[in-house]
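In what follows, a single structure is set out as structure tokens and then discussed.
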Amino acid sequence: MFDIHQFLAPSYEAIADTRLKPWLAGFKQGIDARMSDYTHGKINDWALQLNKLPELEAAPIDLLSKVAIGDKGQLNSEQSLELENTLKQFHPWRKGPFELFGTHIDTEWRSDWKWDRLKDQISSLENKIVLDVGCGNGYHCWRMAAQNPKLVLGIDPSQLFLMQFAVIKKYLPQTPVHFLPIGIEYLPPEIPQQGFDSIFSMGVLYHRRSPIDHIMHLKKLLKHGGELILETLVIDGDDVEHPDQVLIPSERYAQMNNVWFIPTTQMLTKWMQRCNLTDIRVADINQTSLDEQRATDWMNFQSLTDYLDPDDRNKTIEGYPAPKRAIMIAKRK
């Protein structure tokens, strides 16, 4: 039987070695609550698949330009095929890509493109304690590790993402990157004085029924002077005279039924100002392309091309503006 706390024991030890130690019991309570609310029926099978991964030396390692571990020459053709088949048991792979001993995991999202757009915009993560909210399978957490942080903690309620993260963690056990399978609602409402140095919330805000509450929660988890990196869907203002607009989809947006608010960057800036954040700036705006999000052999369900109007790729299938994403950076006073 799968024991979540035993599985996460190395993460607990790493957290206990930082100033976050007083909140470790609360993190564990959040995990108990999440697992009680929902435990995936495949979690035991996934744990067995992890045990099938080969025991190999993780060298060379590249986290700076990509997430790549090992060399193709460490496996023969039969072993490479077996590794690929094992990794595909964790389908769908949405965030990446990853390279593992010559196997290229061609994920739905080119998450490396997003990282390239923000990596030179953020403050240094060296020796910092970092939180990545809604981290998916942890792809960006691994890229953060190249900057030598003290701790990167990714949180996401998906237990499949936990297992995909564990695939990489198996070969990088000493890298200070850890994952807790919880959403932000299971975290403390505030970590006074000495919270996280940097917090990333990417692709989460538009899923929240109360976006300002989400921003406020993120701020309260930051230390004073800490940095918030917020990435979310945005729309253009219809004209310069009315920039403070918000799209509220009537039902679905790009076939997603959990999209609530899509603001202009001007409105998003106002939300962040109302939360008493400072030094707010737009670091990047980018319309998601069909090359950045697409179906692959590693995620063979529907993807962006199926969610856009086939006659006008600048609109969703529902007639809304096609997905455009902004990266906002701000500080806590």
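Cross-link pairs exceeding 28 Å between alpha carbons, from the set LYS88/LYS315; LYS128/LYS220; LYS95/LYS170; LYS28/LYS220: LYS88/LYS315. Taking each residue as 0.36 nm, the span from ILE317 to GLN29 lengthens on full extension beyond its C-alpha to C-alpha distance by 99.6 nm.
Calculate the tail of P(r) for region 293-332: the fraction of all Cα-Cα distances greater than 14 Å, expressed in %. It works out to 57 percent of all Cα pairs. Highest-first packing order for the peptide set 32-41, 149-158, 123-132 is 149-158, 123-132, 32-41, based on the mean count of other beta carbon atoms within 10 Å. Shape class of region 124-249 from the Cα gyration tensor (axes a ≥ b ≥ c, square roots of the eigenvalues): prolate, since a/c reaches 1.5 or more and a/b is larger than b/c. In loop segments of region 227-279 as defined by DSSP, the GluC sites (Glu not before Pro) with at most 16 further C-beta atoms inside 10 Å of their C-beta are GLU241, GLU251.
The orientation-averaged projection of the convex hull spanning the C-alpha atoms of region 83-186 amounts to 6.6 square nanometres.
Report the convex hull volume per residue for region 223-296, counting only C-alpha atoms, in Å³. Convex hull of Cα atoms, per residue: 151 Å³. Segment HIS224..PHE2, full-extension length gain: 76.0 nm, with 0.36 nm per residue of separation and the alpha-carbon distance subtracted.
Only helices enter this figure: runs of n ≥ 4 DSSP H residues, each worth -39500 (n - 2.57), summed and divided by the residues of the chain, yield -8500 deg cm²/dmol at 222 nm to the nearest 500. Think of region 64-149 as having a plus end and a minus end, set by charges on the Cβ of Lys, Arg, Asp and Glu; of LEU81, LEU100, CYS135, CYS135 sits farthest toward the positive end of this dipole. From the alpha carbon centroid of region 1-75 to that of region 105-146 is 17 Å. Taking all C-alpha pairs of the chain, those more than 36 Å from each other amount to 18 percent. Would you mind classifying region 1-40 by shape? Square roots of the alpha carbon gyration tensor eigenvalues, ordered a ≥ b ≥ c; an a/c under 1.5 is rounded, otherwise it is prolate if a/b is larger than b/c and oblate if not. The shape class here is oblate.
Annotation: extensible slack from ARG19 through LEU50 equals 8.1 nm (criterion: 0.36 nm per residue apart, minus Cα-Cα distance). Listed here are the pairs LYS42/LYS324; LYS66/LYS150; LYS72/LYS119; LYS114/LYS150; LYS150/LYS331; LYS52/LYS150; which of them are more than 26 Å apart at the Cα? Flagged as over cut-off: LYS42/LYS324; LYS72/LYS119; LYS52/LYS150. Between rounded, prolate and oblate, where does region 1-160 land on the alpha carbon gyration tensor, with a ≥ b ≥ c its root eigenvalues, rounded for a/c under 1.5, else prolate if a/b exceeds b/c? In terms of gyration-tensor shape, oblate.
Bear in mind that the values in this text are calculations on the coordinates, not laboratory data. Keep in mind that this is a model prediction, so the values were computed, not measured. A quick note on method: Cβ atoms are made from the backbone with ideal geometry, for glycine too, and the neighbour counts reach across all protein chains shown.
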